[in-house]
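The values are calculated or read from the model by the stated rules, or taken from the named source; none is laboratory data. Because the structure is predicted, anything quoted here is derived from the model rather than measured. Cβ atoms come from the backbone with ideal geometry, glycine included; neighbour counts cover every protein chain shown.
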Amino acid sequence: MAPVECSAHAIERFGNEAQRHLRLLDGKLAQREFAAGNDYSIADIGHFDWIWRRAFLALELTDTPHVARWYERISQRPAVQAAISRIEALAATAS
């Protein structure tokens with residue numbers, strides 16, 4: 001099967017949407033500790049996953065300080081660190 005080619009327009013549009021979502025999340029995190037309130041929830045897990053994988057779009061968190069604070073806090077959770085280690089180990093065996 002041939003690799004799928006992504007159009008420049010699709011990549012740009014996805015990057016713009018990701019930036020928009022980061023700004024929205026930043027506004028919410030300015031008012032509360034976690035994505036859906038004051039307790040860690042599935043909403044945080046879902047947001048963390050795509051933000052953790054943001055490198056392929058070269059998205060930075062410098063313009064979203066509340067997201068940066070939240071991201072650092074979530075990334076320090078032992079279960080999150082264990083999950084990342086497992087994902088990285090699987091990726092290493094796949095390449």
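Some observations on this one:
- Taken over region 21-51, residues that are in contact with a helix residue (DSSP H, G or I) (Cβ under 7 Å, 6 or more places away or on another chain), in contact (Cβ under 8 Å) with a residue 24 or more places away in the chain and closer than 30 Å to Cys6 by Cα amount to 6.
- Hits in region 1-37 - residues which are at pLDDT 95 or above and either β-branched (Val, Ile, Thr) or surrounded by fewer than 10 Cβ atoms within 10 Å (Cβ to Cβ) (or both): Gln31
- Count of residues meeting criterion [touching an Asp or Glu at 6+ places or on another chain (Cβ under 8 Å) and aliphatic (A, V, I, L, M)] in region 60-81: 2
- Condition check for Asn16: under 30 Å from Ser85 (Cβ atoms) and among the polar types (S, T, N, Q): no
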